1. Regarding segment 111-130, can at least one residue be identified that is under 9 Å from the mean Cα position of the chain (by Cα), assigned by TED's automatic domain parsing to the domain that holds Ala222 and of a type in the set (A, V, I, L, M, F, W, C)?
2. Might you let me know whether segment 58-74 holds any residue that is surrounded by fewer than 19 Cβ atoms within 10 Å (Cβ to Cβ), touching a helix residue (DSSP H, G or I) at 6+ places or on another chain (Cβ under 7 Å), not in a strand (DSSP E or B) and not polar (S, T, N, Q)?
3. I'm checking my understanding of the structure. Among residues of segment 1-32 that are closer than 28 Å to Glu63 by Cβ, of a type in the set (D, E, K, R) and surrounded by 13 or more Cβ atoms within 10 Å (Cβ to Cβ), which one is modelled with the highest pLDDT?
4. Between Ile147, Ile112, which is in contact (Cβ under 8 Å) with a residue 12 or more places away in the chain and touching a Cys at 6+ places or on another chain (Cβ under 7 Å)?
5. Would you please list the contacts, defined by Cβ atoms under 6 Å and residues six or more apart or on different chains, that run from a residue in segment 33-46 that is on the phi > 0 side of the Ramachandran plot to a residue that is surrounded by 15 or more Cβ atoms within 10 Å (Cβ to Cβ) and not β-branched (Val, Ile, Thr)?
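The values are calculated or read from the model by the stated rules, or taken from the named source; none is laboratory data. Just so you know, these numbers come straight off a predicted model, no measurement behind them. Virtual Cβ from ideal backbone geometry, glycine too; neighbours counted across all protein chains shown.
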Amino acid sequence: MAENPFDEDVAARYDATSADMFRPEVLGPAVDFLVEAANGGAALEFGVGTGRLALPLSERGVEVHGIDSSLPMLEKLRAKPGSGRIEVTAGDMATTRVEKEFDLVYLAFNTITNLTSQEEQVACFENAAAHLKSGGRFVIEVYVPTIRSIPPGERVRPFDWQPTHFGFDEYTDFVGQILRSHHYWIEGEKMHSFSAPFRWVWPSELDLMARIAGMQLEDRFAGWAREPFTEESTSHVSVWRSAGDSSS
């Protein structure tokens, strides 16, 4: 990745600024889904971050290994109770290899869009496939692009405005599918900001990446609770299966 915005300042406040993602009604279905997808085997998380999913998954008895390119985020993970059960590797999720095969590789919370070129995203799928046992699963949670909400000639779309937080996306490259997400938080008399590029990706494009990597779509849902995916869905959880026996 050409740019890694997850520095010490972001890592220090990440859990607090992502508090909604830690709510039981959000976290519970995700962990349940991943436990089932692991099917009693080991799991590898791309973009493990501070361990939002890896820690509760480990508590459920799943052997978890994590990869992340941000050392400050990994330090936050290592400081948490139970993190000793999780092996971590510092590196880019598109290229970093772990000397182990897994029954499940997963990435959540739009992490695939951190890779800002199609080539990197394809490499991420190939890296996932290289880590999977025959018949293993690759699971991604990501938003559905909202391009139809952008009027012709406009490039900025606010997505959150609250007394202590304001956020907007700046669409910088419609051809390359790049936007820059901007966040501003007010904490007392201080203001913190975060800005980073992301590459949006369509469900059908992800399916093609999976085919390139030797995987086939198994399921697609609108969320971790397995809600039906429709043309109005704003996000999806997709499951691809590697070559091999898919009957188990």
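1. Checked against the condition, which is being under 9 Å from the mean Cα position of the chain (by Cα), assigned by TED's automatic domain parsing to the domain that holds Ala222 and of a type in the set (A, V, I, L, M, F, W, C), segment 111-130 yields at least one hit.
2. Taking every residue of segment 58-74 in turn, at least one turns out to be surrounded by fewer than 19 Cβ atoms within 10 Å (Cβ to Cβ), touching a helix residue (DSSP H, G or I) at 6+ places or on another chain (Cβ under 7 Å), not in a strand (DSSP E or B) and not polar (S, T, N, Q).
3. Step by step, filter segment 1-32, then rank; the result is Asp32.
4. Of the residues listed, the single one that is in contact (Cβ under 8 Å) with a residue 12 or more places away in the chain and touching a Cys at 6+ places or on another chain (Cβ under 7 Å) is Ile112.
5. Within 6 Å, the pairs are Asn39/Asp103.
Yes or no, residue by residue, for (1) of a type in the set (S, T, N, Q); (2) closer than 22 Å to Val31 by Cα; (3) touching a strand residue (DSSP E or B) at 6+ places or on another chain (Cβ under 8 Å):
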position: Phe46; (1), (2), (3): no, yes, yes
position: Gly51; (1), (2), (3): no, yes, yes
position: Ser58; (1), (2), (3): yes, yes, yes
position: Val62; (1), (2), (3): no, yes, yes
position: Lys76; (1), (2), (3): no, yes, no
position: Lys80; (1), (2), (3): no, yes, no
position: Ala94; (1), (2), (3): no, no, no
position: Glu99; (1), (2), (3): no, no, no
position: Ala123; (1), (2), (3): no, no, no
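Residue by residue, here is whether (1) surrounded by fewer than 18 Cβ atoms within 10 Å (Cβ to Cβ); (2) over 22 Å from Tyr143 (Cβ atoms); (3) at pLDDT 95 or above holds:
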position: Met191; (1), (2), (3): yes, yes, no
position: Phe194; (1), (2), (3): no, no, no
position: Phe198; (1), (2), (3): no, no, yes
position: Trp202; (1), (2), (3): yes, no, yes
position: Ala213; (1), (2), (3): no, no, yes
position: Trp224; (1), (2), (3): no, no, yes
position: Pro228; (1), (2), (3): yes, no, yes
position: Val239; (1), (2), (3): no, no, yes
position: Ser242; (1), (2), (3): no, yes, yes
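The rows are residues; the columns are (1) over 30 Å from Ile212 (Cα atoms); (2) outside the structural domain of Gln216 (by TED's automatic domain parsing); (3) outside any strand (DSSP E or B).
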| position | (1), (2), (3) |
| --- | --- |
| Phe138 | no, no, no |
| Glu154 | yes, yes, yes |
| Pro158 | yes, yes, no |
| Gly167 | yes, yes, no |
| Tyr171 | no, yes, no |
